[in-house]
Every structure is written in structure tokens, then in C-alpha cells.
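This report concerns only the one structure given below.
The values are calculated or read from the model by the stated rules, or taken from the named source; none is laboratory data. In this text, all values refer to a predicted model and were calculated from it rather than measured experimentally. Here Cβ is always computed from backbone atoms with ideal geometry, including for glycine, and neighbour counts include all displayed protein chains. Note: areas computed on protein heavy atoms with side chains; ligands, DNA, RNA excluded. Shrake-Rupley method; radii C 1.70, N 1.55, O 1.52, S 1.80 Å.
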Amino acid sequence: MNKDAMSKEEEKKVTDRINELYHKKEKEGLTPEEEQERKELHKKFLANFRAAFKQDVENMVIIKRAQRRKGLRKD
């Protein structure tokens, strides 16, 4: 597992908190502390997304190579 990747539980908590802060921002605005928290959570979410996406791409390359070796893929 990548060092930047979060567990599913942690990812859900981060996403839920980002959504809470979004709705609060729309209704009444955020305090400077909440705005900073939102920015940090957003960075954490993006790092997790990028790490997971990179891992998915790397896995696809490995699968394609294995399929080519077995003659299952011709591209």
C-alpha cells in the first residue's frame, strides 16, 4: 500500500468532513480555523486520490504485460 493512501474508513471520514464544511460554508461561512482545516483535508484527499490512481495505472500495465506474454492481448 502506498504511504499516501488512506484506509477506506479514513477516506470516508475525510470526505464526510469535507462535505460538512462545504455545507457550512454555503449556509453561514467558515471560521479561519475551519477554512484551514478544509484546505488540509482537501490536500489529504487529493494526495490519496493521486496515490490510488497511480497504483491503478501501474496495475494495468502489469496486467497488460502478462496478457501479452500469454498471447491474450495483441496491442
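Just to check your reading of the model, which residue among LYS24, LYS13 is open to solvent by less than 60 Å² (accessible area, probe 1.4 Å) and either in contact with a Ser or Thr (Cβ under 9 Å, 6 or more places away or on another chain) or without any contact (Cβ under 8 Å) to a residue 12 or more places away in the chain (or both)? Full working, then the answer.
Values: LYS13 fails: open to solvent by less than 60 Å² (accessible area, probe 1.4 Å).
Selected residue: LYS24, the only one of LYS24, LYS13 that is open to solvent by less than 60 Å² (accessible area, probe 1.4 Å) and either in contact with a Ser or Thr (Cβ under 9 Å, 6 or more places away or on another chain) or without any contact (Cβ under 8 Å) to a residue 12 or more places away in the chain (or both).
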Suppose the filter is without any contact (Cβ under 8 Å) to a residue 24 or more places away in the chain and in a loop (DSSP other than H, G, I, E, B); does LYS74 pass it? yes
Exactly one of (1) free of Cβ contacts under 8 Å to residues at least 24 places away in the same chain; (2) in contact with a Leu (Cβ under 8 Å, 6 or more places away or on another chain) is unmet by ILE18. Its number? (1)
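Just for the range 29-75: of the residues that are open to solvent by 70 Å² or more (accessible area, probe 1.4 Å) and of a type in the set (A, V, I, L, M, F, W, C), which one is nearest to the chain's Cα centre (by Cα)? Spell out the reasoning first.
Step one: of the range 29-75, the residues open to solvent by 70 Å² or more (accessible area, probe 1.4 Å) are 32-33, 36, 39-40, 42-44, 49-50, 53-56, 58, 60, 62-65, 68-70, 72-75.
Cutting the leftovers down to of a type in the set (A, V, I, L, M, F, W, C) gives us 49, 53, 60, 62-63, 72.
Values: PHE49: 2, PHE53: 8, MET60: 18, ILE62: 21, ILE63: 22, LEU72: 32 Å.
Per the stated criteria, the residue is PHE49.
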